[in-house]
Structures are given as C-alpha cells and as structure tokens.
Amino acid sequence: MADLAVLAERSGWDGVFLEDYLVYQNRTGTPTYDPWVTLAAMAMGTERIRLGTNVTPLPRRRVAKLAAEAVTLDHLSAGRLTLGLGLGDAWDVALANLGEQTDTRTRAAMLDEGLDVLVGLWSGEPFTYRGQYFQVENVTLRPRPVQTPRIPIWIGGQYPKPGPVRRAARWDGSCLFISTNYSAASITQRDWTPEDVRAFRATVADLRPTGAGRFDMAVTVSARQADWDAERTNIKALGEAGATWWIEWIAPCDRPSAEAAIARGPLRL
C-alpha cells in the first residue's frame, strides 16, 4: 500500500483516500489492512499528495484515540491529512457483529458530539465536554495539528438526506454519495451529475455562515469510463457546477491491476 501511494504521487495524483473498515464492507475474510497504520506508511514514502480516510465511522471509535492518531499523522505527513468522518454503514459487520451501536439516530447523535470533542481536543488547550455519549474532563491534548486552524474535516453520508447535508455544511467539506438503494444488506450508488452538485452547493451556501471559509466537495465515481474525453467533459461540468475533488474509486484487486489503474494517472482538463 505504501508503494502504491508512492506510485500515485509519481503518476500525478493529488491524494490517496482509504476506506476505513475493520472487515471490508460485509465480506468477512476479505484481506483488510488497518487504514491508520497504512496511512502512516504512505506518509513516510510521499511528500506532496494529500492523505486521508473516506470515511472513518466515528461512532465506533474512541474519539480521544482518533484525535491523537489524526494529530500524529498530520505531523508525520507535514500537514497533508484530510479526515473524512461519517456514521458508518448499516451493513458493516464491525458494528452489529462486534457489539457496536447500530441505531442510525443514535450513531448520528454520537457523530455530532464526537466532532465537537475531536475539535476541542485538537485545540491544545484544557478541554471539558459533557454530552450524552462523550464526556471529557479537563484534558489537554498536545501537540496541536500542523494545519491551521485544524485538520480539514469532510463529512460523508447519503445525499440528499438532510442530516448529512446539514452536518457537511458545518464543517470543511463533503464526500457524500447518492444511493438508489441503501439497506442493511446492500448499497447501490449512482454518480453525481452537475445538477446534483449545483443543488447541493446552493443548500450549503444557505446553511454556512458568511466568511466560513473554503468548502471542498468531493464526488466519487465507481470506475473510469473507457471514453476518457467524455470523462473529461463530465469532470469539467462537475467542476464548473462546484465540485472541487473528483475521486476515482479503485476496487480491491490484485497488485498488478491496482498499479495499472494508478500508473495511468488522473484525468486532467
């Protein structure tokens, strides 16, 4: 994985984002490396590309541990970390099968509290928090992140559900997905259209306070189409509509296939 990140940097990509699973999706037995150890290895071999998760399910994490890991990786990478956070997938075996919280509303509340705790711990100042799910009593976590005002946070989740949209507008960016079927057993996604992007951007503009700063919008495509010129036309339209990142998903595969997908480089306009 570290070698693949080096190849990505040499091939002109701008970032590498890992899914955060203990067991990959719902397929027990699929080889799955811990993303945080993997990202540390990637940081050691690269100098330019951004690194991050897309996304980490915060409700199944100890927030203080996640805060420390993120700060450590931010320092190790010299300020190249972007942290994607979400509820976690309903069908993730690391929830129900490992005794974690499965109720969606509860996990949403845990995510909102956890975000506040995470940022509070990153302040480097004495921090206290008393919530329903998280309690912190006068803890000072140092060092602070390299990046200022803090590590960028992108919010994942399902668009156009109001909860993920409101949550994303509060933070630094979004890596939402559009689903035509989402259940406890499976998920079917479709790609974003320029119309989707404009509608989302308009909603975010209404929700964000004036002067809130940069807001990134990452759109993920399931696979690059064979007609690269058509893909570039699509990317241009998405960018003009307001998307800032075009993320090409590479499915788990053998190393030669992964290397080939990365070595061809990103599609640039």
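The values are calculated or read from the model by the stated rules, or taken from the named source; none is laboratory data. Predicted model, so just to flag it, every value in this text is computed and none were measured. Glycine also receives a Cβ, built like all others from the backbone with ideal geometry; neighbour counts cover every protein chain displayed.
Which of the residues that make up region 225-268 are out of contact with any Pro (no Cβ under 9 Å at 6 or more places or on another chain), among the small types (Gly, Ala, Ser) and farther than 30 Å from Ala202 by Cα?
If the condition is that a residue be out of contact with any Pro (no Cβ under 9 Å at 6 or more places or on another chain), among the small types (Gly, Ala, Ser) and farther than 30 Å from Ala202 by Cα, then Ala226, Ala251, Ser257, Ala260, Ala261, Ala263, Gly265 are the ones that fit.
Among residues belonging to region 224-269 that are β-branched (Val, Ile, Thr) and modelled with pLDDT of 95 or more, point out the one that is surrounded by the most Cβ atoms within 10 Å (Cβ to Cβ).
Once the filter is applied, the top-ranked residue is Ile262.
Which of (1) within 18 Å of Gly156 (Cβ to Cβ); (2) at pLDDT below 95 is the odd one out, the single condition Leu111 does not satisfy?
(2)
When the residues of region 123-135 are filtered to those that are touching a helix residue (DSSP H, G or I) at 6+ places or on another chain (Cβ under 6 Å) and not in a loop (DSSP other than H, G, I, E, B), which remaining residue is surrounded by the most Cβ atoms within 10 Å (Cβ to Cβ)?
Phe127
Do we find that Gly239 is without any contact (Cβ under 8 Å) to a residue 12 or more places away in the chain and under 29 Å from Trp171 (Cβ atoms) in this structure? Break it down stepwise before answering.
On the way: without any contact (Cβ under 8 Å) to a residue 12 or more places away in the chain: no; under 29 Å from Trp171 (Cβ atoms): yes.
No, not satisfied.
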